[in-house]
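Trainee: Starting off with a structure, shown below.
The values are calculated or read from the model by the stated rules, or taken from the named source; none is laboratory data. Small disclaimer: the values here were computed from a predicted structure and weren't measured. All Cβ positions, glycine included, derive from the backbone under ideal geometry; neighbour counts span all protein chains shown. Surface areas here come from the heavy atoms of the whole protein model, side chains and all, with no ligands, DNA or RNA. Shrake-Rupley method; radii C 1.70, N 1.55, O 1.52, S 1.80 Å.
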Amino acid sequence: MVDSYVFRYMREEDIDQVVEVEQASFTTPWSREAFYNELHTNKFAVYIVIENDHKIIGYCGTWVVIDEAHVTNVAILPEYRGKKLGEALMSKLMSVSREMGARTMTLEVRVTNHVAQSLYRKLGFENGGIRKNYYSDNQEDAQIMWVKL
């Protein structure tokens, strides 16, 4: 069977599956309420999910403010990693952000997350600085990265 992947905007009924992806991916995962608030009260938020056979296997989000997109999170279920799905998801997010008027995109990534940094560099992101003690779970620094859209 050939895997079929579908990209679409996140809906409220997706939150439980997105939280599963979040919990499988991060040491300090966002809550269900956080995602609900992103969808319903944050007018700047845009979230995209990727499905395989009607199951959400990944998602990403950004805040598009004026002409800048700030990536909030990107996650793929562990068993689907290494298949270039994160790259496809980020490319889709970049395209949607561009369509919404964003001219640049920024994100923070753990300084030790070399796999993610490599992906972002492949998509054109460049280092823009360090946020000291950014991550609350272990006070790890974050690498700030930027790309022109």
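Trainee: Look at region 100-140 and say how many of its residues are part of a loop (DSSP other than H, G, I, E, B), of a type in the set (Phe, Trp, Tyr) and modelled with pLDDT of 95 or more.
Mentor: Count: 1.
Trainee: Surrounded by 13 or more Cβ atoms within 10 Å (Cβ to Cβ), of a type in the set (S, T, N, Q) and within 19 Å of Val21 (Cα to Cα), is that true of Asn52?
Mentor: Yes.
Trainee: So in region 21-34, with the set limited to residues that are within 15 Å of the chain's Cα centre (by Cα) and without any contact (Cβ under 8 Å) to a residue 24 or more places away in the chain, which one is surrounded by the fewest Cβ atoms within 10 Å (Cβ to Cβ)?
Mentor: Ranking the candidates gives Gln23 first.
Trainee: Is there a residue being in a loop (DSSP other than H, G, I, E, B) and in contact with a Lys or Arg (Cβ under 6 Å, 6 or more places away or on another chain) anywhere in region 59-70?
Mentor: Yes, some residue in region 59-70 is in a loop (DSSP other than H, G, I, E, B) and in contact with a Lys or Arg (Cβ under 6 Å, 6 or more places away or on another chain).
Trainee: Specify the residue that is farthest from Ser4 (Cα to Cα); the eligible residues are those in region 55-95 that are open to solvent by 10 Å² or more (accessible area, probe 1.4 Å) and of a type in the set (Ser, Thr, Tyr).
Mentor: Top of the filtered list is Thr72.
Trainee: Check Ser91, Ser95 and return the single one that is out of contact with any His (no Cβ under 8 Å at 6 or more places or on another chain), without any contact (Cβ under 8 Å) to a residue 12 or more places away in the chain and either farther than 23 Å from Ile130 by Cα or outside any loop (DSSP other than H, G, I, E, B) (or both).
Mentor: Exactly one of Ser91, Ser95 is out of contact with any His (no Cβ under 8 Å at 6 or more places or on another chain), without any contact (Cβ under 8 Å) to a residue 12 or more places away in the chain and either farther than 23 Å from Ile130 by Cα or outside any loop (DSSP other than H, G, I, E, B) (or both), namely Ser95.
Trainee: Assess whether Met145 counts as being under 21 Å from Ile66 (Cβ atoms), among the aliphatic types (A, V, I, L, M) and in contact with a Lys or Arg (Cβ under 9 Å, 6 or more places away or on another chain).
Mentor: So Met145 fits the description; yes.
Trainee: Being aliphatic (A, V, I, L, M), under 21 Å from Gln117 (Cβ atoms) and assigned to a strand (DSSP E or B) narrows it down to one residue among Val46, Val74; which is it?
Mentor: The conditions single out Val74.
Trainee: Might you let me know whether region 125-134 holds any residue that is open to solvent by less than 60 Å² (accessible area, probe 1.4 Å), more than 19 Å from Ile76 (Cα to Cα) and in contact (Cβ under 8 Å) with a residue 24 or more places away in the chain?
Mentor: Within region 125-134, not a single residue is open to solvent by less than 60 Å² (accessible area, probe 1.4 Å), more than 19 Å from Ile76 (Cα to Cα) and in contact (Cβ under 8 Å) with a residue 24 or more places away in the chain.
Trainee: Evaluate region 108-129: report whether one residue or more is on the phi > 0 side of the Ramachandran plot, of a type in the set (Gly, Ala, Ser) and touching an Asp or Glu at 6+ places or on another chain (Cβ under 9 Å).
Mentor: No: zero hits.
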